[in-house]
Amino acid sequence: RIHNMGRAFEFRKERKMKFDTLIIGGGLAGLISGIKLCKQNKKCAIVSSGQSALHFCSGSFDLLNTLPDGSIVTNPQEGIRSLIEQKNEHPYAKIGEAKIVELIEEAKKLFKELEIPFISFEENHYRITPIGEIKPTWLSINYFATSKSLEEMPWKNVAIFNMTGFLDFYPEFIASGLRKKGVKTSIHLFTLPSLERLRKSPSELRSSNMTNIMDQLNPEEFQLLVSALREGSSDADVIMLPAILGLKSDTVITQLEKEVGKQILLIPTLPPSVIGIKLQQHLVKQFQRLGGEYMLGDSINKAEIENSKITKLYSFNHGDIPFIAKDIILATGSYFSQGLISTRERIYEPIFGLDINYDTNRSNWYDKNVYNEQPYMTFGIKTNKDFNGLMDGKPIENLRVIGAGLESFNPIKEGSGGGVSIMTALNVADLILRK
């Protein structure tokens, strides 16, 4: 018996999980890179600790909205050219203008193949935020309220609806923003018997819970909703609703439009984001359908590195069973997802201890005016031009870094967060495939 236990122990020690590419982080960047690699028959796994920033998604992805000098970007491709001239360490600069142009078209094609209904234009278009601001963006999900022009909205009269008691949506702010653009607005509340049950607990009255009901209304409640929308929108050109429906399918939206006889547009709510959850689920399914292995609820906690190359990785759930991969992609994000950790003394990358570009004087990390650009947002992982992570100034040969954890860009002030994640993911996948 002891002999057999010893053999089992030795067998366990020899066990290992081998992949062509191991991706650490299951958000937008990690999933996009994994899908591209799997399409080329690479054996890939994603290790994801939990929710990603996609769960805060507005339904749009920005490519570039503002230059470092404050100039507003209308055409993002032209703006990237100017950005590269000003910031040579920016992720876009490392990719290069010509490659960015190629990747923009590849991204649009990829989303189309994945049947994700994005709308896009050569120039930035405009979306409505949960608090009624009108912001430029690059790609937007179909059914979300967008405009080609900032000066003139495509609607004359809008009926805005909200569910009674839902506090993560601000119709008054949205109406105010539209009125400033010359749009006539009206605000209406509705409720349904099945939604009333959620109101008993404020913690349950969230968009992700409400959509489970809205997507599966019985015929009687569906007609109650149709009647409420018809009555409130009699003079309106279009109906705007909080994004609390369409998680499983857009069918419910098309059915409502048909019954009401008006176009229905969605506006993002405060998190959790239904469209973000839908995107995450869709990308994960596509990754798995292509043969990728998605390990949710696990995290890499240790690595063995020899001669500037990662030889083994270990995760919390798999204990002493190592991951072995030819290439590793680090897509753990920034502070929000703990891809970067900030203490009072320093900022560090917790898995490998990679070099971080940050100011050692903590008083320079922030601006006291919260509306100004915050320097800490540009801190991030140092890489070479091929996005190999640096350790003590030397590149790790088989480790690439993508997404929000990278150095020298400010996703908030630049309006470049989604674009950097998508562009670096596609570019690094390309670099791996060309090896």
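Could you please give the count of residues in segment 67-105 that are open to solvent by less than 30 Å² (accessible area, probe 1.4 Å), at negative phi and not in a helix (DSSP H, G or I)?
Matching residues across segment 67-105 total 3.
How many residues are modelled with pLDDT under 95 and open to solvent by less than 20 Å² (accessible area, probe 1.4 Å) when one looks only at segment 111-127?
So the answer is 3.
Which pairs do you get when a residue that is more than 18 Å from residue 118 (Cβ to Cβ) and without any contact (Cβ under 8 Å) to a residue 12 or more places away in the chain, found in segment 247-264, comes within reach of a residue that is outside any loop (DSSP other than H, G, I, E, B) and open to solvent by less than 70 Å² (accessible area, probe 1.4 Å), reach meaning Cβ atoms under 7 angstrom, with the pair 6+ apart or on two chains?
Here the result reads 257/264, each pair linking segment 247-264 to a residue that is outside any loop (DSSP other than H, G, I, E, B) and open to solvent by less than 70 Å² (accessible area, probe 1.4 Å).
With the condition kept exactly as written, say whether any residue in segment 364-377 is in contact with a strand residue (DSSP E or B) (Cβ under 9 Å, 6 or more places away or on another chain) and at positive phi.
Taking every residue of segment 364-377 in turn, none turns out to be in contact with a strand residue (DSSP E or B) (Cβ under 9 Å, 6 or more places away or on another chain) and at positive phi.
Those residues that are β-branched (Val, Ile, Thr) and either touching a Cys at 6+ places or on another chain (Cβ under 8 Å) or crowded, with 18+ Cβ neighbours inside 10 Å (or both), I need them from segment 339-349; list them, please.
347
If you go through segment 385-403, how many residues are of a type in the set (A, V, I, L, M), in contact with a Ser or Thr (Cβ under 7 Å, 6 or more places away or on another chain) and either open to solvent by 30 Å² or more (accessible area, probe 1.4 Å) or part of a loop (DSSP other than H, G, I, E, B) (or both)?
1
Quick test for you: out of 281, 223, 216, 286, pick the one residue that is surrounded by 19 or more Cβ atoms within 10 Å (Cβ to Cβ) and over 22 Å from residue 127 (Cα atoms).
286
Here are some residues: 336, 323, 352. Which one is hydrophobic (A, V, I, L, M, F, W, C), open to solvent by 60 Å² or more (accessible area, probe 1.4 Å), in contact (Cβ under 8 Å) with a residue 40 or more places away in the chain and under 24 Å from residue 428 (Cα atoms)?
336
What residue, of 121, 161, 173, 144, is without any contact (Cβ under 8 Å) to a residue 40 or more places away in the chain and of a type in the set (Phe, Trp, Tyr)?
Exactly one of 121, 161, 173, 144 is without any contact (Cβ under 8 Å) to a residue 40 or more places away in the chain and of a type in the set (Phe, Trp, Tyr), namely 121.
Is there any pair with a first residue in segment 100-112 that is closer than 14 Å to residue 33 by Cβ and a second that is not aliphatic (A, V, I, L, M) whose Cβ atoms are under 8 Å apart and which are 6 or more apart or on different chains, and what are they?
103/427; 110/36
So, residue 54, is that one part of a loop (DSSP other than H, G, I, E, B) and touching a residue at least 40 places away in the same chain (Cβ under 8 Å) or not?
For residue 54, the condition - part of a loop (DSSP other than H, G, I, E, B) and touching a residue at least 40 places away in the same chain (Cβ under 8 Å) - is not met.
(1) within 21 Å of residue 130 (Cα to Cα); (2) open to solvent by 10 Å² or more (accessible area, probe 1.4 Å); (3) not acidic (Asp, Glu): which one isn't true of residue 178, the others all being true?
So residue 178 meets the others, but not (2).
Is there a residue being open to solvent by less than 10 Å² (accessible area, probe 1.4 Å), among the β-branched types (Val, Ile, Thr) and in a helix (DSSP H, G or I) anywhere in segment 404-420?
Yes, segment 404-420 has at least one match.
Considering only segment 19-36, I want to know if a residue exists there that is over 20 Å from residue 331 (Cα atoms) and either at pLDDT below 95 or open to solvent by 20 Å² or more (accessible area, probe 1.4 Å) (or both).
no
Report yes if residue 311 is over 25 Å from residue 54 (Cβ atoms) and either in contact (Cβ under 8 Å) with a residue 60 or more places away in the chain or not in a loop (DSSP other than H, G, I, E, B) (or both), otherwise no.
Yes.
For residues that are basic (Lys, Arg) and more than 17 Å from residue 405 (Cβ to Cβ), scanning just segment 357-384, find the one that is surrounded by the most Cβ atoms within 10 Å (Cβ to Cβ).
Taking the candidates together, the pick is 362.
The values are calculated or read from the model by the stated rules, or taken from the named source; none is laboratory data. Please read all numbers here as calculations on a predicted model, not as lab measurements. Quick reminder, even Gly has a Cβ in these numbers, built from the backbone with ideal geometry, and neighbours come from all protein chains shown. Accessible surface areas use protein heavy atoms only, side chains included; no ligands, DNA or RNA. Shrake-Rupley method; radii C 1.70, N 1.55, O 1.52, S 1.80 Å.
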